[in-house]
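Encoded as structure tokens, the structure appears first; notes follow it.
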Amino acid sequence: MSVGANIESLMHENRTFAPAASFTAKAHISSQEQYERMYRKSIDHPQEFWAEMAGDLTWLTPYSHVLDDSKPPFFKWFTGGKINIAQNCLDRHVDAGRGDKPAILWEGEPGDAKTLTYRELLTEVSRLANALKSHGVQRGDRVAIYMPMIPEAAVAMLACARIGAVHTVIFGGFAAESLADRMNDAQAVALITADGGWRRGKIVELKANADAALAKAPCVQRCIVVKRTGQDITMRPGRDVWYDDFVSGSSEHCPPAALDSEQMLFILYTSGTTGKPKGVVHTTAGYLLGAYMTCKYVFDLRKEDIYWCTADIGWVTGHTYMVYGPLACGASVVMYEGAPNQPDMDRFWSIIEKYRVSVFYTAPTAIRAFVKWGDQFPQRHDLSSLRLLGTVGEPINPEAWMWYHRVIGGEKCPIVDTWWQTETGSIMCTPLPGITPGKPGSCAIPFFGVDLAVVDRDGQEVAADTGGYLVIRKPVPSMLRTVYGDDERFKKQYYSDIPPYYFTGDGARRDKDGYFWVMGRVDDVVNVAGHRLGTMEVESALVAHSKVAEAAVVGRPDELKGQALCAFVTVKAGIPTDDALKQELKAWVAKEIGAIARPDEVRFTETLPKTRSGKIMRRLLRDIAAGKQAVGDTSTLEDYSVLAKLREDQE
């Protein structure tokens with residue numbers, strides 16, 4: 001990506017919400033002074049700070065050096081140390097007498113349920129780990145995982161981590177072509193999948209997709225299939241084996257491999273538009289420390305918590321905040337297979353009530369969908385068990401934040417609006433729930449060790465409330481190490497735009513109180529008559545209108561202005577859509593943030609094109625706004641009929 005002139009910031013939000021004194025009193029970080037002391041140490045004396053933090057982990061061999069920064073940007077952490085993530089997530093809790101505590105509380109979309117204690121999860125992980133070893137999977141081999149949201153998906157990840165195999169989890173919404181591309185890039189030797197999974201009351205045909213992908217991925221020698229949905233599938237003799245048969249007879253005891261701190265843990269492919277898949281590489285010790293620390297301090301996570309992150313296991317949020325982080329902290333993790341509106345629009349709230357969820361982490365796009373569906377659905381349920389809420393995936397607009405705070409949190413739960421990326425591995429910027437007054441729409445303050453700054457194109461920090469480019473100026477243990485098989489792409493992608501810093505690809509501003517406001521991807525910046533505007537701020541203004549449920553704003557070519565603003569708007573139930581409302585919304589944006597941000601075009605739509613993880617696919621909207629056929633990978637699209645309807649509406 002390339003950077004241009006600074007981005008103009010137009011949005012201002014002055015409301016603040018202080019944490020309740022009762023929450024602060026029990027929080028892991030309970031005073032601003034404690035945060036300042038720890039943060040300053042993490043920036044000024046990072047080796048000493050990270051060594052202290054790493055003392056919470058179970059090491060098989062002590063490390064000799066905290067950080068090797070001799071060959072930037074190829075940083076190495078905790079060199080000489082040996083560690084195992086599966087041991088840190090499972091064995092140490094069992095050994096401490098907590099083996100009977102629930103580790104995974106799973107619910108399938110049809111309503112079936114299963115609980116795995118820490119001891120049972122350790123047993124299942126050990127059985128699969130031994131089976132993989134007995135079938136020739138060795139340390140460093142890559143294993144692809146293409147699964148629905150079932151316990152075996154977490155078991156597969158932890159089994160690979162236990163023996164030092166490298167997992168690459170491929171989102172179950174990807175089609176055969178995308179699956180094949182990723183398996184080939186990783187040169188995976190095995191695939192763990194399922195016959196299917198449940199989504200919106202229908203079977204997702206995972207094995208059929210896998211068969212088509214395997215025909216193009218000769219590197220895969222073994223396909224292990226979990227029986228989930230029970231429909232007829234094709235099993236190729238010699239390659240395909242049922243999961244239960246595969247692990248049958250395997251020992252329930254598998255010693256955790258002593259793995260080098262920098263042993264590759266997983267490759268996770270980011271969902272790009274075209275070209276070769278980009279495999280983000282994360283290694284063992286630094287990633288584990290980031291996952292553990294952020295769960296402990298950002299979610300204030302405790303062993304008695306019932307914790308639910310709604311992310312799919314195919315994305316990094318599912319890796320860090322559904323498997324590795326909360327299990328390393330010894331919490332009980334809720335896992336749900338299906339859609340939030342199956343069989344009705346209160347499914348999430350019924351799950352929170354049923355399992356007495358105390359910490360809930362979801363995406364702003366999901367929250368906006370809940371707003372659109374109506375307050376009556378959460379109001380059917382007792383949500384009093386909740387003590388902390390979180391958001392992840394993209395900036396949350398203030399009105400969605402306020403609804404989350406009021407309707408779901410009952411005005412008592414702190415909200416941690418977290419900013420981070422697949423590449424950073426763990427949360428980089430966030431409120432700390434016991435001390436940071438929440439500002440709706442702001443991801444607040446840097447986490448420990450994160451030297452975050454908003455800079456101009458020359459790397460110079462810009463003034464408060466000035467838009468610029470978000471960079472990380474110091475190495476952090478959980479950061480990616482490279483792009484798999486392509487060190488040059490790694491350097492060019494992340495460290496060449498604003499050297500020597502890691503450029504996040506996001507625009508942002510920092511306000512006079514030191515709070516960060518992420519303005520969206522630089523790729524989403526629109527150049528309107530010489531003004532560089534972040535579309536997120538225009539979206540946020542639209543959603544602040546009482547009739548609007550959700551909005552996505554993109555740029556389209558314009559002969560006069562260079563680019564014009566095109567807003568795709570979903571209104572709340574029962575609101576008529578007509579030209580008068582279009583003019584009303586245009587005037588509203590001009591009043592809220594200025595005439596320069598007034599949309600040139602407003603298009604009403606029943607829904608927006610989203611991935612199954614809830615992210616709006618703005619790339620597709622840009623194509624539609626420009627009158628082009630959508631290109632690139634659309635296999636993660638939740639509902640293909642949305643595209644067809646949007647095209648019809650423009651004709």
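Charge tally around Val189: other residues with Cβ under 9 Å, Lys/Arg +1 each, Asp/Glu -1 each, net +1. Were the residues from His28 through Lys216 laid out at 0.36 nm apart, the gain over their Cα-Cα distance would be 62.7 nm.
The label-point distance for Glu488 and Thr115, in a model that sets each label 7 Å from Cα toward Cβ, rounds to 5.6 nm. Placing a pseudo-label 7 Å from each Cα along the Cα-to-Cβ vector at Ala51 and Arg457 gives an inter-label distance of 4.3 nm. Hey, can you grab everything whose amide H is under 5 Å from the amide H of Arg603? Only 5+ residues off in sequence or another chain; H modelled, so Pro and N-termini drop out. Under 5 Å from the amide H of Arg603: Ala567, Phe568, Val569.
Close amide H pairs (under 5 Å, H built 1.01 Å from N) link Ile145 with Thr168, Val169, Ile170, Ile192, residues at least 5 positions away or on another chain.
One chain, two ends: Ser70 and Glu304. Fully extended at 0.36 nm per residue, the span grows by 80.0 nm beyond their Cα-Cα distance. Entry note, the chain: relative contact order of 14 percent, from Cα contacts under 8 Å with a spacing of 6+ residues. The angle separating the long axis of helix 176-186 from the principal Cα axis of greatest extent in the chain is about 60 degrees.
When a/c is below 1.5 the answer is rounded, else prolate if a/b is larger than b/c, else oblate, so apply that to the stretch 272-384 with a ≥ b ≥ c taken from the square roots of the Cα gyration tensor eigenvalues. Because a/c hits 1.5 or more and a/b fails to exceed b/c, the stretch 272-384 counts as oblate. Among the trypsin sites (Lys or Arg not before Pro) in the stretch 170-213, those located in a DSSP loop and surrounded by at most 16 other Cβ atoms within 10 Å of their own Cβ are Arg200.
Sorted fewest first by neighbouring Cβ atoms within 10 angstrom, Phe74, Phe448, Phe17 come out as Phe74, Phe17, Phe448. Extension gain for the segment Asp44 to Ala208, taken as residue separation times 0.36 nm less the Cα-Cα distance, is 53.7 nm to one decimal. Every helix of 4 or more DSSP H residues in the chain counts as -39500 (n - 2.57), and over all residues that averages to -8000 deg cm²/dmol at 222 nm.
The ranking of Cys429, Cys89 from fewest to most other beta carbons within 10 Å of each one's beta carbon is Cys429, Cys89.
Would you mind getting me the FRET efficiency between Ser251 and Lys512? Use the beta-carbon distance for r and R0 = 56 Å, nearest 0.05. Efficiency for this residue pair is about 0.40. In this rough spin-label picture, where each label sits 7 Å from Cα along the Cβ direction, the Ser385-Asp465 distance is 4.4 nm. Converting phi to 3J(HN,Hα) with the Karplus coefficients 6.51, -1.76 and 1.60 and the offset θ = phi - 60°, the stretch 60-68 yields 8, 9, x, 7, 9, 9, 6, 9, 9 Hz in sequence order, with x at every glycine or proline. A cut-off of 5 Å between modelled amide H atoms, ignoring neighbours fewer than 5 places along the same chain, links Lys278 with Thr270, Gly272. For Thr24, Thr424, the sequence from fewest to most other C-beta atoms within 10 Å is Thr24, Thr424. Let me check I've understood the local charge: for Ser385, count other residues with C-beta under 13 angstrom from its C-beta, Lys and Arg +1, Asp and Glu -1. What total comes out? Net local charge, Ser385 excluded: 0. Backbone phi angles across the stretch 482-489, fed through the Karplus curve with coefficients 6.51, -1.76 and 1.60 (θ = phi - 60°), yield HN-Hα couplings of 5, 9, 3, x, 8, 4, 5, 5 Hz in residue order; Gly and Pro are listed as x.
Values in this text are rule-based calculations from the coordinates and carry no lab data. Note that the structure is a prediction, hence the values are computed from the model and not measured. Glycine gets a Cβ as well: all are built from the backbone with ideal geometry, and neighbour counts include every protein chain shown.
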